[in-house]
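Here the structure comes first, spelled out in structure tokens, and everything after it is commentary.
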Amino acid sequence: MAILGIRIIGDPVLRTPAQEVTDFGPELQKLVEDMDQTMEDVHGAGLAAPQVGVSLRVFTYQIGDERGHIVNPVLELSEDYQEDQVEGCLSIPGVAAPVPRRRYVKATGFDKFGNPVELEGADMLARCFQHETDHLDGILFLDRLAPEEKKAAWRTLRSTNYSQTANATVQKRSGALGSSFGAGLGN
């Protein structure tokens, strides 16, 4: 297993809808295992394949005792919304804001071997599934913010301090990587 580099906002892969997985072979299985290890290494609640530069519809998650992955997820959402909770994102370090999400989700898809799976979750697990599936659709949590929150988040992103925060995050994460990912973002 390997720790993978996490793409930062501005990378086009984060805004590109991911492709459906059609090959459930050893490469996918290794990707899921590497994503799981990477998610654990950076203390994430979830990690979508586009966040590690792979445009495939797969994500890993860990919320409390619930841990796993889902390939080609399709979500069925409840009508009611949960109370807004502050979300952050491994691909947008240093920015967090309250995001509206549905209270309950039923996810259908596959495991890394191609076996059908059906998962259900409420509250934080439902929030995680929605956040990670958004990544697979090229959507970032910033896109879901209320207008004033969105303006504040983009002000932060445009600030010089954000470049420093993002570069510091990249440098910190690059300790386990042996790639150009450790080179930072540039100024």
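Of the residues Glu76, Glu33, Glu148, the one that moves most in a GNM of the chain with alpha-carbon contacts below 10 Å is Glu148. Between Glu120 and Asp23, residue separation times 0.36 nm minus the direct Cα-Cα distance comes to 32.4 nm. Here the gap between Ala2 and Tyr104, fully extended at 0.36 nm per residue and compared with their Cα-Cα distance, gives a gain of 33.4 nm. Round to the nearest 0.05 the FRET efficiency obtained for Phe113 and Ser55 when R0 = 22 Å and r is the Cβ-Cβ distance. For Phe113 and Ser55, the calculated efficiency is 0.55.
Each residue in Met39, Met124 was given a count of other beta-carbon atoms within 10 angstrom of its own, and listing them fewest first yields Met124, Met39. Starting from the Cα gyration tensor of the chain, take the square roots of the eigenvalues, sort them a ≥ b ≥ c, and report rounded, prolate or oblate (rounded when a/c is under 1.5, otherwise prolate if a/b is larger than b/c, else oblate). Here the chain falls in the oblate category. Summed over all non-identical Cα pairs, the Kirkwood treatment of region 6-116 gives a radius of 14.9 Å.
Arranged from fewest to most other beta-carbon atoms within 10 Å of their beta carbon, Phe141, Phe110, Phe24, Phe129 become Phe24, Phe110, Phe141, Phe129. The ranking of Tyr104, Tyr81, Tyr61 from fewest to most other beta carbons within 10 Å of each one's beta carbon is Tyr81, Tyr104, Tyr61. Full extension of the segment from Thr156 to Arg15, taken as 0.36 nm per residue of separation minus the current Cα-Cα distance, would add 48.8 nm.
The numbers here are math on the coordinates, done by the rules we state, and not lab data. These numbers come from a predicted model, not from an experiment. Methodologically, a virtual Cβ is constructed for each residue, glycine included, from the backbone with ideal geometry; neighbour enumeration extends over all protein chains shown.
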